[in-house]
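The values are calculated or read from the model by the stated rules, or taken from the named source; none is laboratory data. The model shown is predicted, which means the values in this text are computed figures rather than measured ones. Heads up, the Cβs are rebuilt from the backbone with ideal geometry, glycines too, and the neighbour counts pull from every protein chain shown. Please note that ligands, DNA and RNA were not included when accessible areas were found on the heavy atoms of the full protein model with its side chains. Shrake-Rupley method; radii C 1.70, N 1.55, O 1.52, S 1.80 Å.
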Amino acid sequence: MFGLSALFLARFQFAFTVGFHIVFPAFSIGLAAYLAVLEGLWLKTGRSAYLDLFKYWLKIFSVVFAMGVVSGLVMSYEFGTNWSQFSQKAGPILGPMLAYEVMTAFFLEAGFLGVMMFGLNRVGKGLHFGATCMVSIGTLISMTWILASNSWMQTPQGYIIDEATGRFLPGNWWQIIFNPSFPFRLVHMGLAAFLSVAFIVAGVAGWHLLKARREDRQASEQVRLMFSMAMWMAAIVAPVQFLAGDTQGLNTLEYQPAKIAAMEGDWESEGRAPEILFGIPDMENETTHYKVQIPLLGSLILTHSLDGKVPGLKDYPKDLRPYSPLLFFSFRIMIALGSLMVLVGLWSLFLRWKGSLYDNALLHRVALWMSPAGFIALLCGWITTEVGRQPYTVYGLLKTSDSVSEIALPSMATSMIAFVIVYFIVFTGGITILLRSFAQEPHSGEEGPSEHEPHMSAGTTQVSHHPHNAGLAE
Amino acid sequence: MTESAAFWLPVVWAVLAASAIFLYVILDGFDLGIGVLFLKERDHDHRNVMVNTVAPVWDGNETWMIFGGAALYGVFPVAYGTILPALYLPILFMLLALILRGVSFEFRFKMKSARSQLFWDASFCGGSIVAAFMQGVILGTLVQGIPVQNNVFVGTSLDWVTPFALFCGAAVTIGYALLGSTWLIWRCEGELQDTMRRVSYTLAGLMLLTIVAVSVWTPQLHTTYMQHWLEWPQLALVLPVPVAVVAVAGALFLGLRNRKSHLLPFISTLGLFFLCFSGLGINVWPYIVPPTITIWQASSPPSSQAFVLFGAMFLLPVILGYTIYSYYVFRGKVTAEHHYH
């Protein structure tokens, strides 16, 4: 598709770093909301299992959040290092949105994170719950701004192009932020984050349920509680996500039909189009090989009518076509995983009704295997939408090849190697720690990250740190 | 009206951005400094205490750096699009180092075996040193000037390897270590505090030497820098700076000598940083990419700058408020965690 050029490396490096990064904010968004719900339920019901689960997942959160912050730090500078032309041209529009994200979200998260992590014994319960909510709200605000920016690149409006410099100047901020694809993306991404975390929680619970069964004992109350909560999420959110994805698809068809054509592997624009279930798109020969297709379904899915017209890649000049072989599969993997998630949700409802939610080993095993499903689907969706935007950075207006920095190939290659090495160390370390934490069964009197809580001689009441201290778990 | 907005908005933003960078420098300075001080302090429990003094706040400290990047991107896109490619390698090394030390923060507590703990301690220390050093190099390269034509960087990828920039790298590393050691004098007690008091003497001496060296060196780099120091009325603006440096350095040594004084050394070090920072600012003004691009040439249109400024007016005070609250919640001396072991 492209030789080993600085442009290719710039793209690869950016994709590599965002690909690693995106998982952690999504994890933080879902997990922060889950933590707020757990603490809220604990305060409301007084049931200590909620507090135990809160502390259990809080330890996970500290690792996930740190990995999100440090990998995100890279992103805020990589626009400039790798895409300096893009930064100069689109900076007047995207920069302010990023600045707002930092001011309204990042500081909020980081500012209250300390209190949320270590402050349960130092501030009152109400204040602490407030801090947890602030962190959660921060993650949601952050998602809102970043999706507004990303959506503007996909469906730009509200800008004025400066004749002299070719820069995008803001014309109408309201139109820029509420651009046509923004609401759909926001909902789709938010649900994806919740669902991804729900399946992680379900997988961890599934593992402990299976382990307890092997050891011929009952899993702890906490494990069963979190399994049940995760399965409710799967049953409710997974189908809703399908509808959200469908509406985003309609939106994409309206604004970026070439992307749809590439996702579907369709070459000819036609009505009463079939849906290709499997095939191998071939950009060179303008065809899709080994097609397995269902008649009429393509029009039905994309346009909600049997004779709706579906775009084909041949409608667009060769150099403006997104790379179909990648989109075709990333899109299908996402759909397949999404369908499995819906099925798991429905199955859990059935077992719940039968009263065997905690006894069906097969469901627990499936939950365990499906634990990364949400994140894989999320990454596939992200690949679909971003690669589908190519060959543009700002859709239809600014090409990727005109966005890149004048960085020499050796520098790019050096930094790429450095990135790979550091990310390998950091993420292996992080994932090892996460897996090790997951292997611990949540139990009563869970300790939380206070294991290394700073001890201050001044300040408020110091509760004893005996592991089974019940001071807060009444 | 638009004329004056186009003049004043960049000025306001230059001051705001400089303040944000300064806040970042002092806040992340002491927590990077703690990493550097791992070189000196080998004791595991002491290291835990050192890290615990910043554990609840370091995420927030690092956020100022993200804010700096975002503000530059939105408000001075031309500076963002030229400085970053020019400093491509130092910035990448800095970011990677910040990643390593950032996660080491969390990981070192979660390791069971002594060996893996040592590994993450080493990466915490190494990451902090590289990040501090690279920040100095970035500053030095910027001050020494970046060749730009038509808003595109035209130098080479190793322009930053100069004696001046590398010296600035060493200077900033020493400065951060001093911020860290005086922070610890304030936040710790006992043996660790004594060690830090001793270390601070050496570091303070070294830092003063580097301040003198950089002050003599900088005006030689560009004639415009020199003018600030030779011509009236600019001289009136810069002359108080060296005088104040001497006074603050005196306060620092007094604070270090008086064993009852816990906070003064840290405050005086902050003062030194403030003076150096404003000294450099005066030198460089009004350029944002010396020696060619001024803050006005680098600006995004007034509509972008005003949009962000409107939010910043309300949001920055709120942010400062809850940041202070967070420091307040975790105030007081931090002691060893003998409760757990």
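Some notes on this structure:
- Residue count for region A:113-127 satisfying the condition of being more than 7 Å from chain B (Cβ to nearest Cβ) and part of a helix (DSSP H, G or I): 4.
- The one condition in (1) open to solvent by less than 20 Å² (accessible area, probe 1.4 Å); (2) within 14 Å of another protein chain (Cβ to nearest Cβ) that B:GLN149 fails to fulfil: (1)
- Residue pairs meeting the criteria (Cβ under 7 Å; at least 6 apart or on separate chains; first more than 7 Å from chain A (Cβ to nearest Cβ) and closer than 12 Å to B:LEU16 by Cβ, in region B:57-74; second in a helix (DSSP H, G or I) and of a type in the set (Val, Ile, Thr)): B:GLY68/B:ILE21
- Taken across region A:233-242, residues that are small (Gly, Ala, Ser) and assigned to a loop (DSSP other than H, G, I, E, B) do not occur at all.
- Single match in A:THR385, A:THR414 (criterion: away from chain B (no Cβ under 14 Å), part of a helix (DSSP H, G or I) and more than 23 Å from A:ALA234 (Cα to Cα)): A:THR385
- Within region A:430-447, being in a loop (DSSP other than H, G, I, E, B) and among the hydrophobic types (A, V, I, L, M, F, W, C) holds for no residue.
- Among the numbered conditions (1) more than 9 Å from chain A (Cβ to nearest Cβ); (2) within 21 Å of the chain's Cα centre (by Cα), the only one that B:THR323 does not meet is (1).
- Hits in region A:345-367 - residues which are assigned to a helix (DSSP H, G or I), touching a residue at least 40 places away in the same chain (Cβ under 8 Å) and open to solvent by 50 Å² or more (accessible area, probe 1.4 Å): A:LEU346, A:LEU349, A:ARG352, A:ARG365
- Verdict on A:PRO156 being in a loop (DSSP other than H, G, I, E, B) and crowded, with 21+ Cβ neighbours inside 10 Å: yes
- When residues of region B:216-237 are limited to those that are more than 19 Å from B:PRO290 (Cα to Cα) and in contact with a His (Cβ under 8 Å, 6 or more places away or on another chain), the one least open to solvent (accessible area, probe 1.4 Å): B:LEU235
- Residue tally, condition within 18 Å of A:THR432 (Cβ to Cβ), of a type in the set (A, V, I, L, M) and in contact with a Phe, Trp or Tyr (Cβ under 7 Å, 6 or more places away or on another chain), over region A:36-75: 3
- Test for B:ALA79: is it under 23 Å from A:PHE86 (Cα atoms) and among the small types (Gly, Ala, Ser): yes
- Some residue of region B:106-122 being more than 7 Å from chain A (Cβ to nearest Cβ) and acidic (Asp, Glu): yes
- Which numbered condition B:MET134 fails, given (1) over 30 Å from B:VAL12 (Cα atoms); (2) open to solvent by 10 Å² or more (accessible area, probe 1.4 Å): (1)
- Flag if A:MET334 is within 30 Å of A:ALA230 (Cβ to Cβ), open to solvent by less than 20 Å² (accessible area, probe 1.4 Å) and not small (Gly, Ala, Ser): no
- Qualifying helices (runs of 4 or more DSSP H) (wholly inside region A:1-108; at least 3 residues being more than 14 Å from chain B (Cβ to nearest Cβ) and buried (at least 22 other Cβ atoms within 10 Å of the Cβ)): A:6-45, A:48-82
- In region B:4-19, the residue that is farthest from B:PHE314 (Cα to Cα) out of those that are buried (at least 20 other Cβ atoms within 10 Å of the Cβ) and within 17 Å of the chain's Cα centre (by Cα) is B:ALA14.
- Those helices (runs of 4 or more DSSP H) of region B:211-320 in which at least 2 residues are at pLDDT below 85, considering only elements entirely within it, cover B:223-230, B:234-238, B:240-257, B:264-284.
- Qualifying residue in region B:37-52 (condition: open to solvent by 10 Å² or more (accessible area, probe 1.4 Å), within 25 Å of B:PHE109 (Cβ to Cβ), out of contact with any helix residue (DSSP H, G or I) (no Cβ under 7 Å at 6 or more places or on another chain) and away from chain A (no Cβ under 13 Å)): yes
- Candidates B:LEU118, B:LEU142, B:LEU192, filtered to the one that is under 26 Å from B:PHE76 (Cα atoms) and modelled with pLDDT under 90: B:LEU142
- Among the numbered conditions (1) touching a strand residue (DSSP E or B) at 6+ places or on another chain (Cβ under 8 Å); (2) touching a residue at least 60 places away in the same chain (Cβ under 8 Å); (3) within 14 Å of chain A (Cβ to nearest Cβ); (4) open to solvent by 30 Å² or more (accessible area, probe 1.4 Å), the only one that B:PRO286 does not meet is (3).
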